[in-house]
1. Residue under question is G59, and the condition is that it be in a helix (DSSP H, G or I) and either of a type in the set (S, T, Y) or closer than 21 Å to I20 by Cβ (or both); does it hold?
2. Looking at G56 and the list (1) at negative phi; (2) free of Cβ contacts under 8 Å to residues at least 12 places away in the same chain, which single condition is not satisfied?
3. What is the number of the single condition among (1) within 13 Å of the chain's Cα centre (by Cα); (2) of a type in the set (D, E, K, R); (3) part of a loop (DSSP other than H, G, I, E, B) that D64 does not meet?
4. Assuming L84 fulfils every condition listed in (1) within 16 Å of the chain's Cα centre (by Cα); (2) outside any loop (DSSP other than H, G, I, E, B); (3) surrounded by fewer than 16 Cβ atoms within 10 Å (Cβ to Cβ); (4) of a type outside the set (V, I, T) apart from one, which condition is it?
5. Restricting the search to the stretch 1-49, which residues are assigned to a helix (DSSP H, G or I) and either of a type in the set (S, T, N, Q) or more than 24 Å from D96 (Cα to Cα) (or both)?
6. Those residues that are crowded, with 17+ Cβ neighbours inside 10 Å and more than 14 Å from ligand 1 (Cβ to nearest atom), I need them from the stretch 92-122; list them, please.
7. Regarding the stretch 132-142, can at least one residue be identified that is more than 10 Å from ligand 1 (Cβ to nearest atom) and surrounded by 15 or more Cβ atoms within 10 Å (Cβ to Cβ)?
8. Applying the selection to the stretch 1-49, what residues are away from ligand 1 (no atom under 15 Å from the Cβ), among the basic types (K, R) and touching a residue at least 40 places away in the same chain (Cβ under 8 Å)?
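Please treat every number below as a calculation from the coordinates, not as lab data. Source: prediction; values computed, not measured. Here Cβ is always computed from backbone atoms with ideal geometry, including for glycine, and neighbour counts include all displayed protein chains.
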Amino acid sequence: MIRVGQGFDVHQLVEGRPCIIGGVHIPYEKGLLGHSDADVLLHTVSDAVLGALGLGDIGKHFPDTDPAFKDADSMKLMEHVWNLAKERGYRLGNVDCTIIAQAPKMLPHIPAIVENLARVLEAETSQVNVKATTTEKLGFTGRGEGIAAQAVICLVR
Ligand SMILES: Nc1ccn([C@@H]2O[C@H](COP(=O)(O)O)[C@@H](O)[C@H]2O)c(=O)n1
Ligand SMILES: C[C@@]1(CO)OP(=O)(O)OP(=O)(O)OC[C@H]1O
């Protein structure tokens, strides 16, 4: 059986926060704001996994009103989500992601991000694709007010 899921997330860019995307600390003058570490890409991929499983979204599993998830490491949240897939007998087919950011430049960090995703999803790096795009200075991403990410995932049982 094949199940497909998609994810989308946005976090605001602010001063005084670390910029963590795909589990990688990216040197940048601003960082992402959230209840957790605000890792926009890991939230997106986690939501895609939950979508494929028909299990809602990360806000349902990890409420942002719960102090347990304050400054949470999104790699740990994603490990929990991946366990839900494994318990149901699924393995990764492939995942394809896009980070939508005017800055920082993502390309140098993509190999490390792909390694992180492949490790949590217990897959080969060839099953994981991560892309980045600007929005040509248009909209909230283009003005550098936030970063968005989207993903499509295929799970196989
Ligand atoms: N934050 C970003 C955005 C883009 N890239 C890379 O630059 C290429 C060109 O971007 P366009 O928005 O002009 O299409 C894109 O294909 C990415 O390789 C990046 O590294 N970081
Ligand atoms: C991850 C959680 C939980 O800490 O909080 P945030 O970091 O604010 O992220 P978001 O994508 O807004 O929603 C999911 C949340 O419940």
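1. Numbers: in a helix (DSSP H, G or I): yes; either of a type in the set (S, T, Y) or closer than 21 Å to I20 by Cβ (or both): yes.
Yes, satisfied.
2. Checking G56 against (1) at negative phi; (2) free of Cβ contacts under 8 Å to residues at least 12 places away in the same chain, the one that fails is (1).
3. Result: D64 fails condition (1) only.
4. Against the list (1) within 16 Å of the chain's Cα centre (by Cα); (2) outside any loop (DSSP other than H, G, I, E, B); (3) surrounded by fewer than 16 Cβ atoms within 10 Å (Cβ to Cβ); (4) of a type outside the set (V, I, T), L84 comes up short only on (1).
5. Looking only at the stretch 1-49, we keep the residues that are assigned to a helix (DSSP H, G or I), and these are 40-49.
Correct list: T44, S46.
6. Just the residues of the stretch 92-122 that are crowded, with 17+ Cβ neighbours inside 10 Å, to begin with: 92, 95, 97-102, 104, 106, 109-110, 113-114, 116-118, 120-121.
Hits for the stretch 92-122 are L92, V95, N116, L117, A118, V120, L121.
7. Yes, there is a match, as at least one residue in the stretch 132-142 is more than 10 Å from ligand 1 (Cβ to nearest atom) and surrounded by 15 or more Cβ atoms within 10 Å (Cβ to Cβ).
8. R3
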